[in-house]
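So the structure is just underneath, and the comments pick up after that.
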Amino acid sequence: MTEFQLKYNNKVSEIIIPSTWNELSINHLMYIATNWNIWRDITLYEDSLLKEKCKLFLQLVPKKLRSEIKKAIPNISDESLYELSTLTNFVFEDNTLTKCPIQTIKSDSIILHAPSDKLGNIVALEFIAADHYYMQYHTNRDNESIVKLIASLYRPRIENSLERIPFEKQNDLRYYASVNTLSDSEKQLILLWYIGSRTAIVKKYSDIFSTDHQEEAKSSGWLPIILELAGNKFGTFEQTAHTDFHLILMELREMRNRKPKNNA
């Protein structure tokens, strides 16, 4: 969180606002998701982005001060206004959202549950399916790919359990219709969470998610790459596909670290 003093209308207010994605409230995140595609089309050097940053700043300040500060903005110097807008830069720089913002989707009699924060408790095949749809979205920028991505991750829980029912590739779009009841902003927000969590995974395991591997995955998916790196470490094709994805990544890193290095 960022704490600062704001002087306006002969008053001084102590203000605390979020300074990271995971500190943002659901209302903040919904505002960002609603405007995300608009912001994406605005370059960092246009005056219009400064206006959008100021609007976002107003959303981040405590609600009880928002109206008063909004009225005072015309009297705030351009230099001070610019400084205030920079407090939102973290949103426009790196997406680091890993805390799941929408944990359940309720549609008719079905309740779908998300993976845990940071895309936890997912199996390898589940990530592979979700990332396939993410790559489709990255190319097409279409709603259908977002819905398919979400549908591959959100599932009902096992009865009397906190665990989601097992992922099945042949039924990965079973809940497409339920997911499609979400608003565009909710879909965009879940996509932002997926991207932030995926980015964190890629950074943590950068040796596995190399540029070459990521290019290869665009055409053949991640499973052949994982199988090539792991060999029979996790058993058969089916066993590897249904092994916890984060466990696989940790084991692959350990295997690479144990691999003897060639002497120069």
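The values are calculated or read from the model by the stated rules, or taken from the named source; none is laboratory data. These numbers come from a predicted model, not from an experiment. Neighbour counts run over all protein chains shown; Cβ positions are idealised from the backbone, glycine included.
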Of all residues in region 73-96, which are more than 26 Å from Trp36 (Cβ to Cβ) and either of a type in the set (D, E, K, R) or surrounded by 12 or more Cβ atoms within 10 Å (Cβ to Cβ) (or both)?
-> Ile76, Asp78, Glu79, Ser80
Picking from Pro74, Pro101, which residue would you name as being out of contact with any Ser or Thr (no Cβ under 7 Å at 6 or more places or on another chain) and without any contact (Cβ under 8 Å) to a residue 12 or more places away in the chain?
-> Pro74
Using the structure shown, decide if Ile42 is β-branched (Val, Ile, Thr), at pLDDT below 95, surrounded by 14 or more Cβ atoms within 10 Å (Cβ to Cβ) and within 22 Å of Arg141 (Cβ to Cβ).
-> yes
Taking region 1-11 and the residues there that are loosely packed, with under 13 Cβ neighbours inside 10 Å and over 13 Å from Ile76 (Cα atoms), the one that is modelled with the lowest pLDDT would be Gln5
Restricting attention to region 88-119, and to residues there that are under 16 Å from the mean Cα position of the chain (by Cα) and at pLDDT below 95, which single residue is farthest from Lys233 (Cα to Cα)?
-> Phe92
Confirm whether Ile15 is outside any helix (DSSP H, G or I), outside the structural domain of Tyr194 (by TED's automatic domain parsing) and in contact with a strand residue (DSSP E or B) (Cβ under 9 Å, 6 or more places away or on another chain).
-> yes
If you take the residues of region 173-201 that are without any contact (Cβ under 8 Å) to a residue 40 or more places away in the chain and in contact with a helix residue (DSSP H, G or I) (Cβ under 8 Å, 6 or more places away or on another chain), which of them is farthest from Arg253 (Cα to Cα)?
-> Asn180
Within region 218-246, residues assigned to a helix (DSSP H, G or I) and among the β-branched types (Val, Ile, Thr) come out as Ile225, Ile226, Thr240
Considering each of Lys106, Lys99 in turn, give the residue that is outside any helix (DSSP H, G or I) and exposed (fewer than 14 other Cβ atoms within 10 Å of the Cβ).
-> Lys106
Which residue out of Ile110, Ile122 is in the same structural domain as Phe209 (by TED's automatic domain parsing) and out of contact with any Asp or Glu (no Cβ under 9 Å at 6 or more places or on another chain)?
-> Ile110
Of the residues Asn160, Asn140, Asn171, which single one is within 22 Å of Thr34 (Cβ to Cβ) and among the polar types (S, T, N, Q)?
-> Asn140
Is there a residue being basic (Lys, Arg) and in contact (Cβ under 8 Å) with a residue 40 or more places away in the chain anywhere in region 129-149?
-> no
For residues that are crowded, with 18+ Cβ neighbours inside 10 Å and without any contact (Cβ under 8 Å) to a residue 24 or more places away in the chain, scanning just region 210-264, find the one that is nearest to Glu168 (Cα to Cα).
-> Phe234
Using beta carbons and a limit of 6 Å, which pairs, at least six apart or on different chains, have the first residue in region 9-22 and farther than 16 Å from Thr86 by Cβ and the second one among the small types (Gly, Ala, Ser)?
-> Asn9/Ala72
Selection within region 111-166 - among the basic types (Lys, Arg) and surrounded by fewer than 16 Cβ atoms within 10 Å (Cβ to Cβ) = Arg141, Arg157
Starting from residues that are of a type in the set (A, V, I, L, M) and under 14 Å from Arg198 (Cα atoms), keep the ones in region 125-142 and report whichever is nearest to the chain's Cα centre (by Cα).
-> Ala130
